[in-house]
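**Q** The structure's right below; bear with me while I get my questions together.
The values are calculated or read from the model by the stated rules, or taken from the named source; none is laboratory data. On a predicted model such as this, the values are computed, not experimentally measured, just so you know. Cβ placement follows ideal geometry from the backbone for every residue including glycine, while neighbour counts extend to all protein chains displayed. Accessible surface is based on the protein model in full, side chains and every heavy atom, while ligands, DNA and RNA are left aside. Shrake-Rupley method; radii C 1.70, N 1.55, O 1.52, S 1.80 Å.
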Amino acid sequence: MDLARPEQREHPLKAATTDQWRLLDVQALDTRLAQIAHRRRTLPEHAELTALDQRAATLRDELVGAQTLASDATRELAKAEADVELVRTRARRDQARLDSGQGGHKELESLQHEVATLARRQGALEDVELEVMERLEALTAEVDRLTAERDGLQAQVDEVTRRRDQAVTALDDEALALDRQRVGMIAGLDAPLLALYEKIRATGITAAAMLRQRRCEGCRIELNPQDLQRIRAAADDDVVRCDECGCILVRTGESGL
Ligand SMILES: [Zn+2]
């Protein structure tokens with residue numbers, strides 16, 4: 001914070017006290033503008049949306065996973081159903097031949113044996129079919145649940161986005177009104193004084209503050225006796241700076257000098 005301070009000692013900037021006082025109004029407005037910008041950056045909706053986005057991304061992955069498993073299970077079920085149907089057809093054909101009673105004893109015995117084997121095979125395949133069916137049912141329910149959650153989440157995102165946009169618009173409108181007010185406020189203000197103010201403000205600190213009861217209202221530090229002495233000795237239209245924070249110190253009747 002050594003902005004122009006050495007030069008200040010050699011060629012102190014001079015500006016009418018009324019202009020110095022007006023600087024306090026400009027600073028109050030700039031402080032309000034900085035608060036608005038800060039609020040705009042730190043709206044709770046930003047964090048809410050980030051959290052919702054993260055949840056949505058996880059949900060998307062979960063849904064894709066469940067849909068893949070469900071479609072695998074659907075294919076598996078079709079295969080299991082075809083397997084059962086194949087065995088059933090074969091058993092029906094064998095049974096029909098048995099029922100016709102045609103063929104030799106040996107042939108009929110072999111057919112009976114095959115029918116029994118096919119019945120066991122069909123039972124086992126039907127168990128598989130049932131297992132796949134149950135799994136598919138559970139997966140379908142999971143896909144439905146995740147889809148509903150995704151839709152609910154999207155509704156939440158829409159609602160928070162609407163709130164954020166509303167807040168941003170309100171803050172932007174407020175800032176715009178202040179910007180317009182500022183144009184009128186700085187019109188006709190001592191140019192070198194304003195330039196110094198802007199130069200200090202660009203560093204991100206309070207650029208102009210009142211000296212109140214020997215304390216700089218920019219950094220809240222009480223001035224030491226030497227600085228106070230220096231300021232007392234300065235002419236009214238001398239622009240004085242705080243040695244601690246570098247802001248323009250504006251003297252008023254409450255400065256305690
Ligand atoms: Zn200060």
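**Q** With labels modelled as points extended 7 Å from the Cα through the Cβ direction, what inter-label distance (nm, one decimal) is found for Leu69 paired with Glu149?
**A** Placing both labels 7 Å along Cα→Cβ, they lie 1.2 nm apart.
**Q** Give a quick list of GluC sites (Glu not before Pro) in the stretch 200-257 that DSSP marks as loop, anything other than H, G, I, E or B, with at most 12 other Cβ atoms within 10 Å.
**A** Glu254
**Q** Any chance you could give the angle, 0 to 90 degrees and rounded to 10, that helix 105-186 forms with the longest Cα principal axis of the chain?
**A** Value to nearest ten degrees: 10.
**Q** Sticking with this structure for a sec: Can you tell which of Leu194, Leu108, Leu24 shows the greatest fluctuation in a Gaussian network model of the chain with Cα springs below 10 Å?
**A** Leu108
**Q** Treating cross-link reach as a plain straight distance, find the aspartates and glutamates whose alpha-carbon is under 13 Å from the alpha-carbon of Lys14, omitting any fewer than eight places away in the same chain.
**A** Counting by Cα, and skipping residues close in sequence, Lys14 has these aspartates and glutamates nearby: Asp190, Asp236, Asp237, Asp238.
**Q** On a 0 to 90° scale, report how tilted helix 191-201 is relative to the longest principal axis of the chain, with both axes built from alpha carbons and the result rounded to the nearest 10.
**A** The two axes meet at around 40 degrees.
**Q** Could you report the chain's accessible area per residue, 1.4 Å probe, as an integer in Å²?
**A** Values: 15470 Å² over 257 residues.
I get 60 Å² per residue for this part.
**Q** Let me ask something else. If you average the C-alpha positions of the stretch 86-133 and of the stretch 141-220 separately, how far apart do those two centres end up, in angstrom?
**A** That distance is 81 Å.
**Q** In addition: Per the helix-only calculation at 222 nm, which mean residue ellipticity applies to the chain, given -39500 (n - 2.57) for every DSSP H run of n ≥ 4 and division by its residues, nearest 500 deg cm²/dmol?
**A** For the chain, the value works out to -27000 deg cm²/dmol.
**Q** Quick check: convex hull over the Cα atoms of the stretch 194-257, volume per residue in Å³, rounded to an integer? Don't skip to the end; give the middle numbers.
**A** Working: hull volume 4.5 nm³, N = 64.
Given the Cα convex hull of the stretch 194-257, per-residue volume reads 70 Å³.
**Q** I would also like to ask the following. Just to confirm the number: angle between the C-alpha axis of helix 17-41 and the first principal axis of the chain, 0 to 90 degrees, nearest 10?
**A** Once rounded, the angle reads 10 degrees.
**Q** So what are the radius of gyration and Dmax for the Cα set of the stretch 131-209, in Å?
**A** When restricted to Cα atoms, the stretch 131-209 yields Rg and Dmax of 27.6, 87 Å.
**Q** Report the one residue of Leu146, Pro44, Trp21 whose Cα lies farthest in the direction of the positive end of the charge dipole of the stretch 1-160 (charges on C-beta: Lys and Arg +1, Asp and Glu -1; origin at the Cα centre).
**A** After comparing all options, I get Trp21.
**Q** Who wins for biggest fluctuation among Gly104, Gly204, Gly123 in a Gaussian network model of the chain, springs between alpha carbons below 10 Å?
**A** Taking springs between Cα atoms under 10 Å, the residue moving most is Gly104.
**Q** Give me the percent of the accessible area of the chain that comes from carbon and sulfur atoms, probe 1.4 Å, all protein chains in place.
**A** Its accessible area is 54 percent carbon and sulfur atoms.
**Q** While we're looking at this one, here's another question. Which percentage, to the nearest 5, of the DSSP beta bridges contained in the stretch 137-257 is antiparallel? The partial results should precede the final answer.
**A** Numbers: 5 of 9 bridges.
In the stretch 137-257, DSSP labels about 55 percent of beta bridges as antiparallel.
**Q** Amide H of Val250: which non-local residues (sequence gap of 5 or more, or other chain) have their own amide H closer than 5 Å, using H built in the peptide plane?
**A** Ala209, Met210, Leu211
**Q** With +1 assigned to the C-beta of every Lys and Arg and -1 to the C-beta of every Asp and Glu, and no other charges, what is the dipole magnitude of the chain about the Cα centre in debye, to the nearest 20?
**A** The calculation lands at about 1080 debye.
**Q** Can you pull the three principal axis extents for the Cα set of the chain, in Å, largest first?
**A** 135, 34, 27
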